[in-house]
Amino acid sequence: MFSFFRKKSPGPASDAHSGEPASASESTSLIGSALGRALDLPAQVPVAAERQTWLGKLRAGLRKTGSGLSQVFTGAQIDDTLYEELEAALLMADAGVQATEWLLQEVKRKVAATGATRPVQVQNILADVLAQLLQPLQKPLVIGAHTPTVIMVAGVNGAGKTTSIGKLTHHLASEGASVLLAAADTFRAAAREQLAVWADRNTVEIVSQEGGDPAAVSFDAVSAGRARGKDVVLVDTAGRLPTQLHLMEELRKIKRTIARAGAGAPDDAAPPHEVLLVIDGNTGQNALAQVKAFDAALGLTGLIVTKLDGTAKGGVLAAIAQEKPIPVYFIGVGEKLEDLETFNAREFSLALLGQP
């Protein structure tokens, strides 16, 4: 059982992507407000021990990035050399030029304002500044404001897209949500089979057509989800590079078709209600390029960042926060079901810097 499926008080659907940062209590919820209201499920209190286990995995996963950054603060004094080494370490962690410059400026400003004299104090200041930069990415995914909530998921091959859909399906189904999967990745036969395994494992329904048109599969799935009163419809799409223009146009077609399947709904309630991009945390600045390209094509509402375990490029979230602050709903540090968790800016900042 995922202990952090805690429902917050129901709020207006329009709050799902408000500019307000999530509170500390909200950050432990995998799914936001409306699901609890729609399913009338009891609230669950997060188990601290399980969250601590997750944080241990996160710190271990980001150890390569953390070790590179923490070494900067082993000296005896705060000087130009420290800041030069910090700049190099942030760039090596793929924080990007813009985010690195902003972080350095803020750190120097706060060091001067606080009168810090020891490198360890600079490290603590950096943790605070980094958490501040990442805060806009910390928002809950709201399920239940629409029936069904239609979630379209995109990503390049190898990013872990279908596996992430399977994990999310498991957690939703475990909480009593009725889920319908759409196997719209008809380009790769193994993807359809992989999604079917997740459907069987979680005892959820799936709409699939061998060699069918992806847009047609998506239309049928959304129509079926509406007719059957499903809580969630998850649409898996074919992995492709953003440079494959004809395939990106196919994604746009799928999105338009999903909207047509929800005909009759107000414009602000037309599906898809969420457009998620799955990115591989190991790809660094390439992940940022993917976010920009897919957002331009589809209008992304959220991200799932996978494979953060063992990467030395964890700083890419700082680059995303600085240049394209799209909410990061989930991060993953492994293949197990429990290795998918909600993103928390403070936790990630501390883990990235190798701090407890």
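The values are calculated or read from the model by the stated rules, or taken from the named source; none is laboratory data. Everything numeric in this text was worked out from a predicted model, so none of it was measured. Glycine also receives a Cβ, built like all others from the backbone with ideal geometry; neighbour counts cover every protein chain displayed.
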If I ask for residues that are under 15 Å from residue 82 (Cα atoms), free of Cβ contacts under 8 Å to residues at least 60 places away in the same chain, aliphatic (A, V, I, L, M) and assigned to a helix (DSSP H, G or I), which ones from region 109-144 would you list?
111, 112, 120, 122, 125
Residues that are aliphatic (A, V, I, L, M) and either out of contact with any Gly (no Cβ under 7 Å at 6 or more places or on another chain) or assigned to a strand (DSSP E or B) (or both), drawn from region 325-349
328, 331, 337, 340, 345
Mind checking whether some residue in region 184-203 is farther than 29 Å from residue 283 by Cβ and surrounded by fewer than 21 Cβ atoms within 10 Å (Cβ to Cβ)?
yes
Does residue 257 qualify as being of a type in the set (Ser, Thr, Tyr), out of contact with any Cys (no Cβ under 8 Å at 6 or more places or on another chain) and farther than 16 Å from residue 161 by Cα?
yes
Report, by residue number, each residue of region 62-96 that is without any contact (Cβ under 8 Å) to a residue 40 or more places away in the chain and either in contact with a helix residue (DSSP H, G or I) (Cβ under 7 Å, 6 or more places away or on another chain) or of a type in the set (Asp, Glu) (or both).
79, 80, 83, 84, 85, 87, 89, 91
Residues satisfying the stated conditions in region 280-312, i.e. under 22 Å from residue 60 (Cα atoms) and among the basic types (Lys, Arg):
307
Among the residues of region 157-177, how many are crowded, with 18+ Cβ neighbours inside 10 Å and either without any contact (Cβ under 8 Å) to a residue 12 or more places away in the chain or assigned to a loop (DSSP other than H, G, I, E, B) (or both)?
4
Candidates 222, 275 - the one that is over 17 Å from residue 157 (Cβ atoms), surrounded by 17 or more Cβ atoms within 10 Å (Cβ to Cβ) and either touching a Ser or Thr at 6+ places or on another chain (Cβ under 6 Å) or free of Cβ contacts under 8 Å to residues at least 60 places away in the same chain (or both):
275
Helices (runs of 4 or more DSSP H) completely within region 19-108 that count 1 or more residues being surrounded by fewer than 17 Cβ atoms within 10 Å (Cβ to Cβ) and modelled with pLDDT of 80 or more:
48-61, 63-70, 80-92
Go through region 98-125 and give me each residue that's under 22 Å from residue 288 (Cβ atoms) and out of contact with any helix residue (DSSP H, G or I) (no Cβ under 7 Å at 6 or more places or on another chain).
101, 105
Among the residues of region 226-246 satisfying the criterion of being without any contact (Cβ under 8 Å) to a residue 60 or more places away in the chain and under 19 Å from residue 211 (Cα atoms), which is surrounded by the fewest Cβ atoms within 10 Å (Cβ to Cβ)?
246
For residue 206, state whether it is assigned to a strand (DSSP E or B) and buried (at least 18 other Cβ atoms within 10 Å of the Cβ).
yes
Of all residues making up region 134-152, the number that are surrounded by fewer than 23 Cβ atoms within 10 Å (Cβ to Cβ) and at pLDDT 95 or above:
2
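Given the residues 319, 289, which is the only one that is under 17 Å from residue 93 (Cα atoms) and surrounded by 24 or more Cβ atoms within 10 Å (Cβ to Cβ)?
Criteria check complete, one pass: 319.
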Look through region 183-195, keep the residues that are among the small types (Gly, Ala, Ser) and within 23 Å of the chain's Cα centre (by Cα), and return whichever of them is nearest to residue 169 (Cα to Cα).
183
